[in-house]
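*Asks:* There's a structure below that I have some questions on.
The values are calculated or read from the model by the stated rules, or taken from the named source; none is laboratory data. As the structure is a prediction and not an experimental result, all values here were calculated from the model. Methodologically, a virtual Cβ is constructed for each residue, glycine included, from the backbone with ideal geometry; neighbour enumeration extends over all protein chains shown.
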Amino acid sequence: MAGISYNLTMKIGILGSGFGIYGYLPAACKNFYSPIVLEKNRNKIDLRPELIQYKKRITYAECEKSLIEKSDALIIATTPKYQFELVQSFDLKNINHLYLEKPIAPSLESYSDLIKFLTSNKKSFSVAYLFIYTSWYTEVTNLLKYSHGNNLKFMWSVKKIQSTWKNSVESGGGLLHFYGIHFLALLYHLGISNINIEIIENNEKVEINAIDESNNKIHILINYAENSYFEIKLIDILGDNVILEDQTPFGLQNKLGIEDTRVDLIARYLKDFKTTSRSTGLGIEEYIYRVLKSCRENPN
């Protein structure tokens, strides 16, 4: 499939009043795109000091329909339910590319339905799995490339906030579908077959175990905790080697007045799908769907 042809004046619509505003908006501006957001988000933008430098670049639209009609590409940073409904209900014929958020739908059934819809309508899309844009991703891939029979361990402790859909399995969230899905995307990029993946899930913890072609064992633990923490550790014959320790896989996040560290990752992600031929997220989404489906059908 041919790459997407954009220019520096590409109009990119942003739907979402949270990370859409403090994450995607500055990322789009860093790539010299012209962002279009809903009028109802103007006050939120005015209240964030780190966004002042971008205010002159922003165009406002009164409603979703108007925003979509003015846009060349569309970012959807909303709940999975709204994203699932919006993609199928609005006329997107003028939209060259959809930048979706994970998970792309609230349930396994709707996940499959949306993949089929995007495929049948030949809609170019991608999903913001950001691990491949982090500083540690290259180090991890090199370690696995030159390792044999070692253990690579990831631990991600997530601070639980009760009032968000991100912790609600019924809404499409939860440890596996909102946080663990990042690691499923990582395993896809590492070329690890889902046949070798085992997922153990309960309300407070998710474990993902995989084995690569060099017999390296990859163990991933995600749990709720009082404080956020992220660690990568390689265990070999020399002992435990800590590769990374941080607050999250992305560093510091969402502190008023300070740019979220994910902004630069998002900017790279947006630019990646502008300048390369990787114009569809179909392969990775089919992979993730198969893994999630297998997990449900074969619970541990």
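*Asks:* For the range 216-254, name all the residues that are under 20 Å from Val291 (Cα atoms) and touching a Gly at 6+ places or on another chain (Cβ under 9 Å).
*Replies:* Asn216, Lys217, Ile220, Ile222
*Asks:* When only residues in the range 233-290 that are part of a helix (DSSP H, G or I), at pLDDT 90 or above and among the aromatic types (Phe, Trp, Tyr) count, which is nearest to Asn216 (Cα to Cα)?
*Replies:* Tyr287
*Asks:* Restricting to the range 159-201, give me the number of residues that are free of Cβ contacts under 8 Å to residues at least 24 places away in the same chain and among the aliphatic types (A, V, I, L, M).
*Replies:* 3
*Asks:* To continue, here is another question. Would you check if there is a residue in the range 108-119 being surrounded by fewer than 20 Cβ atoms within 10 Å (Cβ to Cβ), more than 19 Å from Leu74 (Cβ to Cβ) and among the aliphatic types (A, V, I, L, M)?
*Replies:* For the range 108-119, residues surrounded by fewer than 20 Cβ atoms within 10 Å (Cβ to Cβ), more than 19 Å from Leu74 (Cβ to Cβ) and among the aliphatic types (A, V, I, L, M): present.
Conditions tested, residue by residue: (1) modelled with pLDDT of 95 or more; (2) surrounded by 21 or more Cβ atoms within 10 Å (Cβ to Cβ); (3) more than 19 Å from the chain's Cα centre (by Cα).
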| site | (1), (2), (3) |
| --- | --- |
| Asn121 | no, no, yes |
| Met155 | yes, no, no |
| Val158 | no, no, no |
| Gln162 | no, no, yes |
| Leu175 | no, yes, no |
| Phe183 | yes, yes, no |
| Ile195 | no, no, yes |
| Glu198 | no, no, yes |
| Ile208 | no, yes, no |
